[in-house]
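This report concerns only the one structure given below.
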Amino acid sequence: MHHISIKFPAIVSRLLLWMVIGFGFTSVVSAQTDPLLSHYYEMPSFYNPGAIGQSDLLRIRGGARLQWLGIEHAPVSIVATGDMPVKLGKRRLAVGLALQQESMGLYRNFTLGAMVGYQMKLLGGILTPGLRIGLASESFKGSEVYIPDDDDYHQATDDAIPNTDVSGNALDLGIGFSYRRDRFSTGISLLHANSPTINLSSSTGAGGGVSTPSESGDVKNYQFSLKRTLYFTAAGNIPLSNTLLELMPSVIAVSDFDSFTGAATAMVRYNRFLSAGLGYRWDDAIALHLGVDIKNFYLGYSYEYPVSAISKVSSGSHEIIAGYSLKLDFSEKNKNKHKSIRIM
């Protein structure tokens, strides 16, 4: 069993503890749960349901983010997306899926959403409004919480923290709009638009705990609310004349209406094969990005070095992403034949 102690000497360790077990189970608590990936530019539909179907390809992306290496119980995120266009007569739709799972100490969250978008021509480009309907799930392993007393190291209790495993889920909605023209794209979205409130409950045994107004018998209910989160993204692809090089700048801005963060990245791609660049995460880290395109496959890696105080206890964050793109053509002429390519 893993024990968490507030007797750690480092102040950052104390902060992480209360991020995990002290985020306020006594009432309705709001939190932002979407990880901000270094490779946000490779997985736009994760942040915007309107960003699905931006090419004629079936695009699949998946990756993992290992944050703040060197700190025990630091966040680990796994993310995957998939999307493709669908033609229905003269109408062009797009469909997709997005999922993520994140663990941080004793806390876990999971989201899964299905997306649909409708594409329409506008000012020489394509505007796509999109909708995401899914499930948000939260869990907390209260049975493994250990809070030593400051004086004699005996087990202490905190009425704000569950002492049993609790979990729950709720409907999660998101909306978004994207616009693309030539070699430029931008979008705005609102995830967790319904601010879902998740009731976390579990049967309790011996020991402490807190009774909420929704408690019934031996079942204790806690509530966890996901904050509405606003995203803005923009990306470009700029070929350099008489070279095999392309500049690929991108930005993302994030706000939960209480706080702000964001990132900017500048990539250079050679011959649509090798790419490298630098990124900056707002008031947090600088990043090195590397990528390779091999026919229909993509592989990317990034390393973030923290520029905040957490650099004293962490060597940085690593992220890796892999992808596959498949061009679909279901016409009679090309029946049963698929050509796999990757374009931006």
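Each value in this text was obtained by applying a stated rule to the coordinates, not by laboratory testing. Only a predicted model underlies this, so the values are computations on that prediction, with no experimental measurement involved. Glycine also receives a Cβ, built like all others from the backbone with ideal geometry; neighbour counts cover every protein chain displayed.
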Quiz item: For Tyr305 and Lys121, FRET efficiency with R0 = 51 Å and r from the beta-carbon atoms, rounded to 0.05?
Solution: 0.70
Quiz item: Taking region 243-295, which trypsin sites (Lys or Arg not before Pro) meet the DSSP loop condition and have no more than 11 other C-beta atoms within 10 Å?
Solution: Lys295
Quiz item: Which loop-located GluC sites (Glu not before Pro) does region 283-333 contain, where loop means any DSSP state but H, G, I, E or B and the Cβ has at most 16 other Cβ atoms within 10 Å?
Solution: Glu332
Quiz item: Which FRET efficiency, nearest 0.05, do Arg91 and Ser55 yield, Cβ-Cβ r, R0 30 Å?
Solution: 0.95
Exercise. Can you tell me the order of 186-199, 40-53 when each peptide is scored by its average per-residue count of other Cβ atoms within 10 angstrom, highest first?
Key: 40-53, 186-199
Quiz item: Taking amide hydrogens as modeled 1.01 Å from N in the peptide plane, which residues meet the under 5 Å criterion relative to Ala285, leaving out close sequence neighbours?
Solution: Val307
